[in-house]
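Heads up, the thing below is written out as structure tokens.
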Amino acid sequence: MSTSGCDDRCDDLDFTPRIRFRAVLDGEVDEINERRKAAGEPATPGARPTGLAGLALSGGGIRSATFNLGLLQALAAAKKLTRFDYLSTVSGGGYCGGWWSAWLSRDDRKKSDIFPADESTEYQRDERRAAIQQRAIDDHYEVAQVNDSAISAGIDPIHHLRLFSNFLTPRTGLLSGDTWRAIAVIGRNLILTWMTLLPILLATIMLGQAWFALSPATQKGFRWRNDLNAYALHSESSYDTLQTIERLPGELFDRLQWALLVPALLYVGSVVCVVLWMILGRRCWAFRDKVVLALSGIAFFLLTWYMIDVLSIPISPKFLGALVAWLIVIGILLLLWTRPQGEKSDLDYWRNRLVYIQTATLKWSAFSAAVLLFAAFGHEIVDFLLFNQ
């Protein structure tokens, strides 16, 4: 047992007092002022610097690294690099930005130098190579062929950076260990990714197909065999029989209706949220606003009556039931929503909650539509591609 009052499991815990955010911010301010002072830029010791500026180097592989290197060289030539207090990089920009940050941290760098000198010419590199070989001859020892990386490291940083621009596979070639290591890493990651995604995708599609297979209105359509032009029916025996009749009319349309049922219900909820959001968008209801709202409601009911009784356009009671159900569900969600402590429940708060519900219903509507449509007609597409039927 430990003598510190804790059991042995606590021995590896770090009880160092945490650094407050204010202390981190003060340290950052000191670093910026120190950097500006060393670069000859105006600093404000003891106070928050003004005119903060940052340089962001975007990603995009070696192409972005090449572009970002040219950008840094242009800014250095214009003496603008000293104006930036922050550096943000990603991907290919990180390759170039990390190289520059490492060069700035070198002990042999002059404090007045902000960026390396221009890249040496081929003539200058050849002269350095000849000098190394001549020293080997004078000292009477044999030296192998001097490559560019050996004569550029520490002397010509930009050329050294360009030499290793192929950082994923530095040694190219079919028999190179770097090439096969990259193939192994990419293959391993692809296998692991698909081992994770494929079961999820297959389970999602199987749930979508179960939606149709368990429904009496659509389950028979899944027995149709385009290659045999018949329905495969399960008999009392252990064998399947074939019923060679014409395909039932309206079968695909019924399946389409079932496929769009769940997305349509979710989309109705999204529309209800939009309407409520528009109603709550008015901070001050004048008399004319109330009149417009009342007239709009009356016009809606009159148009509905005109479509049903005069034009004989049927409106399913299920649709009206879905509207009422969504109003009830949204009302319950808003009532049960837990507000953060101290946050006022003004109109903006309720509008934000409605936007959250509307976003969720719209997202799941699109997702369910994609899954159900693929589950309903995916095998039809495959049959068409394979049998052209």
Checklist line | Per-residue ³J(HN,Hα) for segment 270-275, Karplus 6.51 cos²θ - 1.76 cosθ + 1.60, θ = phi - 60°, Hz, x for Gly and Pro | finding: 5, 5, 4, 5, 5, 5
Next item on the list: Scan around residue 57 for amide H atoms under 5 Å from its own, H built in the peptide plane at 1.01 Å from N, and keep only partners 5 or more places away or cross-chain.
Entry: 88, 89, 90
Next item on the list: Could you check how much of the accessible area of segment 19-143 is carbon and sulfur, as a whole percent, using a 1.4 Å probe?
Entry: 55 percent
Check: Quick one: how many Å² of residue 301 are accessible to a 1.4 Å probe, rounded to 10?
Finding: 140 Å²
Checklist line | Rough spin-label spacing in nm, given labels placed 7 Å along Cα→Cβ, for residue 26 and residue 336 | finding: 4.8 nm
Check: With the dipole of segment 18-73 worked out from charges on the C-beta (+1 for Lys and Arg, -1 for Asp and Glu) around the Cα centre, which of 59, 70, 40 lies farthest toward the positive end?
Finding: 59
Next item on the list: Heads up, I need the accessible area for residue 34: 1.4 angstrom probe, whole protein in place, Å², nearest 10.
Entry: 120 Å²
Next item on the list: Take 142, 380, 31, 122 and sort them by solvent-accessible surface of the protein heavy atoms, 1.4 Å probe, largest at the top.
Entry: 142, 31, 122, 380
Item checked: Per residue value of the accessible surface for segment 113-178 (all protein chains in place, 1.4 Å probe), Å² -> 69 Å²
Checklist line | In Å², nearest 10: area of residue 126 left accessible to a 1.4 Å probe | finding: 80 Å²
Checklist line | Label point distance in nm, residue 202-residue 294, each placed 7 Å from Cα along Cα→Cβ | finding: 6.4 nm
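The values are calculated or read from the model by the stated rules, or taken from the named source; none is laboratory data. Nothing here was measured: the structure is a model prediction, and the numbers come from that model. Neighbour counts are summed over all protein chains in view; Cβ atoms, including those assigned to glycine, are modelled from backbone coordinates with ideal geometry. When the accessible area is computed, the model is the full protein with side chains, heavy atoms only, and any ligands, DNA or RNA have been set aside. Shrake-Rupley method; radii C 1.70, N 1.55, O 1.52, S 1.80 Å.
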